[in-house]
Amino acid sequence: MDKRIRQLTIDDYDEIVRIWSIAGLPFKPHGRDSRKMMAAEMGRDGCAYFGLEIDNRVVGLVIAQYDGRHGWVNRLAVDPDCRGIGLAGDLIEACEEFFEQYGEVVVSALIEDENTPSMSCFGKAGFECFESIRYWSKRPRPDL
């Protein structure tokens, strides 16, 4: 098995969408997940999309975003046929290595209540859950 992690580009857009789809992540093609918005995001400092390939096929991905204060692990997804072998942990580690360039960074992730596999994965990676925190957002339109 040839496994590697590489930084994805907008040329990988269809693979990103495919992985999100089979992993069950919501996808907003007319908003924040459009090719145009994703290309802009990939071009920003502090943002990297990482793909994990097995035998030259993308089977997992994650977005690492540094906001000047926190490193955020976003949109972590692994092909359901490839789960349970530590690939998500490898992707989290790639994000942590990316954040090292910014010094000592608090690495954070938001996980929905029903996503127990992600909670388990982040727990194994050494993350602590703060259950008293609530996520709030304000969106100019629902597809963002």
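Where a number appears in this text, it was derived from the coordinates with a stated rule and is not lab data. The structure presented is a predicted model; accordingly, all values stated were derived computationally and were not measured. Neighbour counts are summed over all protein chains in view; Cβ atoms, including those assigned to glycine, are modelled from backbone coordinates with ideal geometry.
About the Cα centre of the chain, how large is the charge dipole given +1 on each Lys and Arg Cβ and -1 on each Asp and Glu Cβ? Please answer in debye to the nearest 20. Don't skip to the end; give the middle numbers.
Working: 18 positive and 25 negative charges, 126 e Å.
Computed charge dipole of the chain: roughly 600 debye.
Shown here for the stretch 25-117: GluC sites (Glu not before Pro) in loop regions (DSSP other than H, G, I, E, B) with at most 13 other Cβ atoms within 10 Å, namely GLU104, GLU112, GLU114. Only one of the values [x] 9.0; [y] 10.2; [z] 14.6 was calculated from this structure for mean projected area of the Cα convex hull in nm²; name its label. Label of the calculated value: [x].
When Lys and Arg each count +1 and Asp and Glu each count -1, what net charge do the other residues less than 13 Å away from VAL73, Cβ to Cβ, add up to?
Working: positive: ARG75; negative: ASP67, ASP90, GLU93, GLU96, GLU97.
Spelling it out: positives minus negatives among the neighbours equals -4.
For the chain, lysine pairs with C-alpha atoms less than 26 angstrom apart, excluding pairs fewer than eight positions apart on the same chain, total 4.
When the helix-only estimate is applied to the chain (DSSP H runs of n ≥ 4, each -39,500 (n - 2.57), divided by the residue count), what is the mean residue ellipticity at 222 nm, nearest 500 deg cm²/dmol? If you can, show how the numbers build up before the last one.
Details: 4 runs with 41 residues, N = 144.
Taking each H run of at least 4 residues, the total per residue is -8500 deg cm²/dmol.
Looking at the stretch 34-113, which trypsin sites (Lys or Arg not before Pro) are in a loop (DSSP not H, G, I, E or B) and have at most 11 other Cβ atoms within 10 Å?
Working: sites: ARG35, LYS36, ARG44, ARG57, ARG69, ARG75, ARG83; in loops: ARG44, ARG69, ARG83.
Answer in residue order: ARG44, ARG69.
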